[in-house]
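This report refers to the structure that appears directly beneath it.
The values are calculated or read from the model by the stated rules, or taken from the named source; none is laboratory data. Here the structure is a predicted model, which is why all the values come from computation and not from measurement. Cβ sites come from the backbone with ideal geometry, for glycine too, and all protein chains shown count toward neighbours.
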Amino acid sequence: MRDELSGYDGIALGELIRRGEIKPSELLEITIDRIERVNSKLNAVIHKMYDQAHEAVKKWTPEAGKGKAAHHLFAGVPFLLKDLIAEYKGSPLYEGSLAVKGYISKLDCELVKRMKAGGLIIVGKTNTPEFGLVPTTEPALYGPTANPWDPSLTPGGSSGGSAAAVAAGIVPMAHGNDAGGSIRIPASCCGLFGLKPTRGRNPLGPLFGDMGGGLVHEHAVTRTVRDSAALLDLTSGPDLGDPYYAPPKERDFLREVGQRMGRLKIGFLTSIPEGWHEETHVHPDFQAAVKDAALFCETLGHIVEEISPGEFSYPSLMISFGRIFSCLAGRIVAYWEAELGKKITQDQLEPNTWATYQAGLRRTGADYLGALEDLQRFSRKIANWYHNSGYDLILSPTISIPPTKLGAMQSPADDPMKGLKLIRAFVAFTYAYNVTGQPAMSIPLYWNVNNIPIGVQFATRFGDEATLFRLASQLEEARPWAKRKAPIHCHNRIGE
């Protein structure tokens, strides 16, 4: 038994529905079957929302599909939500935490409203680390999510459940969010396309607007570039009262996919700039992946040059980011205490979460504002570098080491920061673009000798997702990755 539709992306599935070749109800049953067959090996989907999905499908008709409310390319296509921030009224929202277990969302957040309006059928929610604070997906509440390429390895985090589900073919795309690399890191670990949009491109309302001083961004992991572009067309745009406003796009992002582009000037890094991490060393696999991508871009006609990491050195970057991030952890716990009407105690949180939360409580308002000002100065430095250098993009590793063994980042109660060195190695190249708010993407162009995907990251100017989509689609066409299937995949024979 093989699932012949597992190779279809979201746009292709939507086209089958519009042509009447498959009904949304049939596609939903296929997706539920995929979850039931594959999820036991991955632990990617932790809330099954089959009843809500069936109700949503009942409301879908060919006539509705032609109407204004559900005319989108993805009308009738199954989708998964990450169990963090994105609220779906009437469904659980635990955010990977025992302290929050039992909470049921009272509203749809704006992002989910837009997804529903586009006709996406939300089938379930995916696993996430506690409050999304670490780049691996191993919450004590639900247990670890396995990487479909090697179940002994992390799928990354914090959108690791979503990435594992997409890499295993359960759905063609799934929701993710990103405060320090949480879309791009699992995309790298699982061989997917992962875009973090410009700050303010997607809404966080109505409950939030400025999370962690602007660090948090919403979007998805996908198999194909065009799905990412079309989904961003569906969900992006300012919401009333948003504190940030991304520059308006010139045209739909989907129209950028496959468009001809001029000769881009790309600078690449193979070591970590000073201040971004305690070390500058990058694993040979990621150095090889970046050099391979650089040569590949050059063969496509772009100007590619190695740039000095000294141009981006900023000794206080990780320190200031850490201060803001600990304040974010403190705010998350305070938010849930107020929402749940109870005090959250140490025994309800994982050791690393508790330690980060306590660090946040020790920060003063002056500490927070001073760190925020420092990160804003770094953002100006990067913006001026783009303005003065003539480069269009920076190419770098997505993470600095390959996916680690599950458990490697776990911290015991007597040493709550034991995994910190590995955590920082995973975010060393990604979090800088959460600080600046620039769009950045991880692309799966390279697999190591162990057949593990090694992603590379491209970042560009604030507001310029168009350049990323154009380049990504050019790379995807020249070196397709979506047909590569992980060993754990719904297309494989049952029992394989």
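Just give me the residues in region 353-368 being surrounded by 12 or more Cβ atoms within 10 Å (Cβ to Cβ) and within 23 Å of residue 314 (Cβ to Cβ), in sequence order.
Of everything in region 353-368, those that are surrounded by 12 or more Cβ atoms within 10 Å (Cβ to Cβ) and within 23 Å of residue 314 (Cβ to Cβ) turn out to be 356, 359, 360, 363, 367, 368.
Does region 384-402 contain at least one residue that is of a type in the set (A, V, I, L, M, F, W, C) and in a helix (DSSP H, G or I)?
yes
Any chance you could count how many residues in region 1-14 are at pLDDT 95 or above and over 21 Å from the mean Cα position of the chain (by Cα)?
3
Would you check which residues across region 352-375 are aliphatic (A, V, I, L, M) and in contact (Cβ under 8 Å) with a residue 24 or more places away in the chain and list them?
The first filter runs over region 352-375 and keeps only residues aliphatic (A, V, I, L, M), leaving 355, 359, 361, 366, 369, 371-372, 375.
Those that are aliphatic (A, V, I, L, M) and in contact (Cβ under 8 Å) with a residue 24 or more places away in the chain: 355, 359, 361, 371, 372, 375.
Between 397, 403, which is closer than 22 Å to residue 151 by Cα and touching a strand residue (DSSP E or B) at 6+ places or on another chain (Cβ under 8 Å)?
Testing whether each residue is closer than 22 Å to residue 151 by Cα and touching a strand residue (DSSP E or B) at 6+ places or on another chain (Cβ under 8 Å) leaves just 403.
Does region 177-194 hold any residues that are under 19 Å from residue 244 (Cα atoms) and either in contact with a His (Cβ under 6 Å, 6 or more places away or on another chain) or without any contact (Cβ under 8 Å) to a residue 60 or more places away in the chain (or both), and which are they?
178
Look through region 19-63, keep the residues that are among the aliphatic types (A, V, I, L, M) and closer than 26 Å to residue 154 by Cβ, and return whichever of them is surrounded by the most Cβ atoms within 10 Å (Cβ to Cβ). Steps first, please.
In the first step, residues of region 19-63 are kept if they are among the aliphatic types (A, V, I, L, M); the result is 22, 27-28, 30, 32, 35, 38, 42, 44-46, 49, 53, 56-57.
So of that shortlist, the ones also closer than 26 Å to residue 154 by Cβ come out as 35, 38, 42, 44-46, 49.
Numbers: 35: 23, 38: 24, 42: 26, 44: 30, 45: 27, 46: 21, 49: 21.
My answer is 44.
In a helix (DSSP H, G or I), modelled with pLDDT of 95 or more and either among the hydrophobic types (A, V, I, L, M, F, W, C) or under 30 Å from residue 479 (Cβ atoms) (or both): is that true of residue 292 in this structure? Give the steps one after another, and end with the answer.
Numbers: in a helix (DSSP H, G or I): yes; modelled with pLDDT of 95 or more: yes; either among the hydrophobic types (A, V, I, L, M, F, W, C) or under 30 Å from residue 479 (Cβ atoms) (or both): yes.
So residue 292 passes the test.
Taking region 175-225 on its own, how many of its residues are closer than 25 Å to residue 451 by Cα and over 13 Å from the mean Cα position of the chain (by Cα)?
2
Taking region 436-471, which residues are of a type in the set (S, T, N, Q) and touching an Asp or Glu at 6+ places or on another chain (Cβ under 7 Å)?
Initially, region 436-471 is screened for residues of a type in the set (S, T, N, Q), giving 436, 438, 442, 448, 450-451, 457, 460, 467.
Answer for region 436-471, where residues must be of a type in the set (S, T, N, Q) and touching an Asp or Glu at 6+ places or on another chain (Cβ under 7 Å): 448, 460, 467.
I'm trying to understand the selection: among the residues of region 260-289, which are at pLDDT below 95 and polar (S, T, N, Q)?
Result: 280, single match.
Among the residues of region 253-302, which ones are surrounded by 14 or more Cβ atoms within 10 Å (Cβ to Cβ), more than 24 Å from residue 400 (Cα to Cα) and in contact (Cβ under 8 Å) with a residue 12 or more places away in the chain?
Correct list: 253, 254, 256, 257, 258, 261, 264, 300, 302.
Which condition from (1) among the aliphatic types (A, V, I, L, M); (2) closer than 22 Å to residue 393 by Cβ; (3) touching a residue at least 60 places away in the same chain (Cβ under 8 Å) is the one that residue 332 breaks?
(2)
Do we have residue 166 as hydrophobic (A, V, I, L, M, F, W, C), under 16 Å from residue 443 (Cβ atoms), buried (at least 24 other Cβ atoms within 10 Å of the Cβ) and in contact with a His (Cβ under 9 Å, 6 or more places away or on another chain) here?
So residue 166 fails the test.
Name the pairs whose Cβ atoms lie under 7 Å apart, with the first residue in region 442-456 and over 19 Å from residue 468 (Cβ atoms) and at pLDDT 95 or above, the second among the β-branched types (Val, Ile, Thr) and part of a strand (DSSP E or B), and 6 or more positions between them or separate chains?
447/454; 448/454
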